[in-house]
1. For the range 207-235, give me each residue that is away from the ligand (no atom under 16 Å from the Cβ), buried (at least 16 other Cβ atoms within 10 Å of the Cβ) and within 14 Å of His133 (Cα to Cα).
2. Quickly run through the range 186-206 and pick out the residues that are closer than 14 Å to Val131 by Cβ and either among the hydrophobic types (A, V, I, L, M, F, W, C) or open to solvent by 10 Å² or more (accessible area, probe 1.4 Å) (or both).
3. Which condition number does Ala106 fail, the rest of (1) under 19 Å from the mean Cα position of the chain (by Cα); (2) surrounded by 14 or more Cβ atoms within 10 Å (Cβ to Cβ); (3) small (Gly, Ala, Ser); (4) more than 16 Å from the ligand (Cβ to nearest atom) being met?
4. Restricting to the range 148-179, give me the number of residues that are open to solvent by 40 Å² or more (accessible area, probe 1.4 Å) and closer than 20 Å to Gly52 by Cα.
5. Of the residues Thr149, Thr118, Thr126, which single one is at pLDDT below 95 and more than 16 Å from the ligand (Cβ to nearest atom)?
6. Being within 14 Å of the ligand (Cβ to nearest atom) and free of Cβ contacts under 8 Å to residues at least 60 places away in the same chain is the filter; apply it to the range 46-68 and report the residue that is surrounded by the most Cβ atoms within 10 Å (Cβ to Cβ).
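The values are calculated or read from the model by the stated rules, or taken from the named source; none is laboratory data. For clarity, every value in this text was computed on a predicted model and none was experimentally measured. A quick note on method: Cβ atoms are made from the backbone with ideal geometry, for glycine too, and the neighbour counts reach across all protein chains shown. In case anyone asks, the SASA skips ligands and DNA or RNA and just uses the protein heavy atoms, side chains included. Shrake-Rupley method; radii C 1.70, N 1.55, O 1.52, S 1.80 Å.
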Amino acid sequence: MNKRPPRSAAGIAGDFIVVTCEHGGNRIPAEYAGLFRGWRAVLATHRGFDAGALVMAREFASALHAPLVTSTVSRLLVDLNRSLSNRHAWSDATRPLPDPDHQRIAQRHYAPYRERVTAIVTAAVTAGHRVLHISSHSFTPVLDGQVRTADVGLLYDPARRGEAALASRWKAAFAEQAPGLRVRRNYPYAGRNDGLTSFLRRRFPPARYVGVEIEVNQAIVLGDAKRWRELRRAVIATFQAALQ
Ligand SMILES: [Zn+2]
């Protein structure tokens with residue numbers, strides 16, 4: 001008798017979570033192997049991919065029963081977290097290529113990824129959901145001589161209230177459940193920078209799309225295995241707490 005109609009009847013179907021990983025691997029497709037001759041050492045570093053980001057994304061998606069979109073092609077071919085008009089979409093190996101080559105790489109290794117993520121978000125929004133997009137990344141502990149002073153970064157657009165609120169609750173959950181971790185907001189990068197989340201923000205209103213990039217410090221990823229496993233567990237548990 002007290003049963004209320006499902007919330008979806010009012011056009012609010014609740015939150016829908018999607019997890020992505022743009023820098024999951026350092027694979028170079030065979031047809032471009034020649035371009036990367038001599039790049040083996042660089043491909044193995046942060047310039048080639050985000051160490052640990054793929055396993056974190058997989059565990060996150062699995063725990064949250066969320067769809068997962070990942071790429072294991074190196075960002076040195078084309079960076080899935082940059083607009084194609086951004087010169088940093090291309091690396092020193094691919095920037096000098098003529099336009100037709102850029103177009104071919106974009107068609108085969110860039111557009112399908114963006115289209116797949118956009119399709120998932122569009123379908124969920126059309127069904128009445130608010131989408132929570134978590135994009136999984138990692139950062140190098142030292143860049144240009146500067147030591148990064150965080151273990152986890154939560155990147156979002158401060159002008160989008162839903163994103164600011166989620167990041168704030170997520171950080172508070174870390175403080176409660178994993179007080180030993182240094183968690184900073186919009187660090188080591190600003191969440192409003194050019195990227196997949198900013199691309200989606202231009203397409204979906206704040207009430208329908210909430211995009212947060214999580215960045216973990218590679219000092220933990222590449223350090224003690226137990227500590228890294230515990231960090232991944234904490235990331236998931238604190239996110240779940242932040243949803244409550
Ligand atoms: Zn990344």
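1. Arg208, Tyr209, Val210
2. Kept after step one, since they are closer than 14 Å to Val131 by Cβ, are these residues of the range 186-206: 196-197, 199-201, 203-206.
Across the range 186-206, the qualifying residues are Leu196, Phe199, Leu200, Arg201, Arg203, Phe204, Pro205, Pro206.
3. Unmet condition: (1).
4. 1
5. Working: Thr118 fails: at pLDDT below 95; Thr126 fails: at pLDDT below 95.
The conditions single out Thr149.
6. The selected residue is Phe49.
Each row is one residue, and each column tells you yes or no for (1) among the charged types (D, E, K, R); (2) in contact with a helix residue (DSSP H, G or I) (Cβ under 7 Å, 6 or more places away or on another chain).
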site	(1), (2)
Ala164	no, no
Ala178	no, yes
Ile214	no, yes
Asp224	yes, no
Glu230	yes, no
Phe239	no, yes
